[in-house]
Structures are given as C-alpha cells and as structure tokens.
Amino acid sequence: MNYDIVIVGAGPSGLACAIEAKKLGFSSVVLDKGCITNSIFHFPSQMVFFTTPELLEVGGLPLVSDREKPTRNEALKYYRRVVATYKLDVHQYEEVERIERTAARRFRTYTAQAEYESNNVVLSTGYYDNPNLMGIPGEDLPHVAHYYGEPYPFYDRDVVVIGGKNSAAEAALDLFRNGARVSLVHRGAEMGKTIKYWVRPDIENRLKNGEITPYLSAQVLSITPTHVHIQHDGSTKKLRADQVFALTGYHSSTKFFEQLGVTWDPVTLRPQYNTETFETNVQGVYLAGSVVGGRQNGEVFIENGRFHGESVVRAIKGRNL
C-alpha cells in the first residue's frame, strides 16, 4: 500500500497531521498499537484536564464540555468524532514493528498486518507508553503498576504511591477518598511545582493531617510481594503494600530513531529536528507532539503539539511544489 505520508501514533498531534494532509491533498494513514488517543484512554477514569476545551481542539471542531475544564471521557468522545468527521484512515491496534529507508529515498513501514510504502513518515508516538523505571528489585512484580485507573479494587487495602507530581497526587487523593490506606513516597522535600492549582492544597492538607501518610525526601530501595522498602530520615522503613503505583513519569522511545538514523541526545533523548518544519536530520522523517521533547515531557502538551501537524504538512507541500 502506497501513501504520501505514514503517521505513527493516533494521538491528538497525529490526528492533526492527518487532517492537514487531507486538507492539502495528500494521502495518509495513521497507525497505532492501541486505540485512538490511546494515552488518554489510559489516563485515570475520573481525570480532569488542566486546560480549557478550546485548547484541546484539532481541525476546527469544537470540543463541548459540561464544565470549565474537560474530562477524560469528553476528550475520548471528541477525538473519535474528529476521526469520523474527517474520515481519517486510522488503523487501531496495528503496531508498527519496523520502519526502514529504501534505496529510492522512500520509506517502508512494517506491521504484523501489512507493509506500507510512503514518501514521508511522521513520528507522533508521544511518551506515555514508556514509564521511567527506578531500577530496583521487585519493580516488575504483578502488584506494581505504572498507570493508575480507578480506586475501587483497593478499598480497605494498603497502597503505596510513588511520585510527587500530578499523577501521584491525584491517585493518592482518589485512593484515600475511596477507602484505601495510602502512603505517598517522593524523593523530593515537597510535592512538584507543576501540580494543578486545585489539587495542591488538597494533597498538602491530606499529607499534613496524616490522612495520607507522607514519606518525603525518601528513596525507594526495593519492593517485595508485601512491602516497599525505603530509606527515610536516616533509617530503612518497611511500608505495607497490597498494591504499588509507581507514578514516576514517562519518556519517549528512541526505537524508530535508531531504525531510521535520526540523531538524538543520549541523556535527554531529545531528537535533532528543524524547529520550523519539524523535519529530523533524515530527509522525509518528521516529528509531531511530545516526542520532540525526549525526557522533557513537560514542554509539549496537546495545547501546543496540535499545531505541529500544520507545520509538518506545509513543509512537505513546499518540498513537492
């Protein structure tokens, strides 16, 4: 199958690229190993966005929200409406295994189901599929999760939440309010500076009152089937844990960079690209969305990543004039 553009990732930035491609007359296909906006689908079920609806919109379609800030569920419905409205060619649950350059300066993208030929590739893979691991014993045990969904299975259970930013704070609060006994472990002396303004006083008060047991300036040493071992206040402590949520952040993957020859920084994982066109050092390979930030995933959000598609497709158009 031949296309002008193959887009890897069906998040908001990838969909924005596909919309711009259609507007400018290019054929495109969007491939994703999960569902449409797979990362948003794996957000906590009751999550509320930090931003207002118009800042999440792509393709000029309005996102209607019942409140000032949209919920996860509203966003999921919205992006599916975007796909249907623009009749985008999105292949869900079709994971890209390999991308290679051909002798004709084209690209061949392989999935388990098919092969795709294209003149251009857009990597819009985000970062949420790649959690930052702590590198400690027991991190791979069945009761350790790097994503939080909902609190109900953990009523009257001992839960340890590891992390100090929004994901950890909101998970700890949700678990506490639904009957779990929650301990929060964070390596910093205080919670992260980027915590949502309506969440910060809530989590700080729960920690101060001991309703959520705080272990700040702590180091996680290991996890066993029943406990989390930490270094805190100069001594080693054992925290009872029926469940552990290691919400320590995420980073973008370099898998396709390696396959295609895209240059990236080994420390920050930030790829080399033109900040105006989002083309990498490999001609015909473009980036869109938070993948441009590497480990610095606090720089690119839906709010600004949704505009990358317009720059990418216009650059492709300019090259084809």
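Summed over qualifying helices (DSSP H, 4 residues or more, each -39500 (n - 2.57)) and divided by its residue number, the chain shows a 222 nm mean residue ellipticity of -6500 deg cm²/dmol.
Distance between the C-alpha centres of the range 1-39 and the range 121-196: 30 Å, rounded to the whole angstrom. For the range 37-46, the Karplus equation 6.51 cos²θ - 1.76 cosθ + 1.60, evaluated at θ = phi - 60°, returns couplings of 6, 4, 5, 5, 4, 8, 5, x, 4, 9 Hz by residue, with Gly and Pro reported as x. Counted by Cβ distance under 13 Å from Ile36, the other residues give a net charge of +1, where Lys and Arg count +1 and Asp and Glu count -1. Computed from backbone phi, the HN-Hα couplings of the range 78-84 come to 4, 5, 6, 5, 4, 4, 5 Hz, rounded to whole numbers (Karplus: 6.51 cos²θ - 1.76 cosθ + 1.60, θ = phi - 60°; Gly and Pro given as x). Beyond 13 Å, what share of the Cα-Cα pairs of the range 71-120 is found? Please give it as a whole percent. When every Cα pair of the range 71-120 is considered, 67 percent fall beyond 13 Å. Each other residue within a Cβ distance under 11 Å of Gln113 adds +1 if Lys or Arg and -1 if Asp or Glu, for a net charge of -4.
Each 10 Å bin from 0 upward holds the following percent of the Cα-Cα pairs of the range 237-301: 19, 45, 15, 12, 7, 1. In this simple spin-label approximation, Ala114 and Leu55 carry label points 7 Å from Cα along the Cα→Cβ vector, and these lie 3.7 nm apart. Across the chain, counting alpha-carbon atoms alone, Rg and Dmax equal 21.2, 67 Å.
Amide H to amide H, with H built 1.01 Å from N, Met47 comes under 5 Å of Arg72, counting only residues 5 or more places away or on other chains. Label positions at Gln219 and Thr268, each projected 7 Å from the Cα along the C-beta direction, are separated by 2.7 nm. Accessible surface computed residue by residue for the chain, with neighbouring protein chains in place and a 1.4 Å probe, gives 47 Å² per residue.
Quantify, in whole percent, the carbon and sulfur part of the accessible surface of the chain (1.4 Å probe; protein heavy atoms only). Intermediate values should be presented prior to the final figure.
Numbers: 7480 of 15200 Å².
Here carbon and sulfur together make up 49 percent of the probe-accessible area.
Excluding residues on the same chain fewer than 8 positions from Lys255, give the lysines whose Cα lies under 23 Å from its Cα. Filter leaves Lys33.
Give me the net charge for the shell around Ala218: Cβ to Cβ below 11 angstrom, other residues only, Lys and Arg +1, Asp and Glu -1. With Lys, Arg at +1 and Asp, Glu at -1, the net is +1. So which of Lys165/Lys238; Lys165/Lys237; Lys77/Lys165; Lys165/Lys193; Lys165/Lys196; Lys87/Lys317 end up more than 18 Å apart, counting from Cα to Cα? Where the Cα-Cα span goes over 18 Å, the pairs concerned are Lys165/Lys238; Lys165/Lys237; Lys77/Lys165; Lys87/Lys317. Scoring 31-41, 14-24, 264-274 by mean Cβ neighbours within 10 Å over their residues and listing the highest first yields 14-24, 31-41, 264-274. Basic side chains Lys and Arg get +1 at the Cβ, acidic Asp and Glu get -1 at the Cβ, and with that the dipole of the range 138-268 about its Cα centre reaches some 280 debye.
The values are calculated or read from the model by the stated rules, or taken from the named source; none is laboratory data. These figures come from a predicted structure and were not determined experimentally. Note that each Cβ is placed from the backbone with ideal geometry, even for glycine, and that neighbours are counted across all protein chains shown. Protein only, heavy atoms only, side chains kept; ligands, DNA and RNA dropped before computing areas. Shrake-Rupley method; radii C 1.70, N 1.55, O 1.52, S 1.80 Å.
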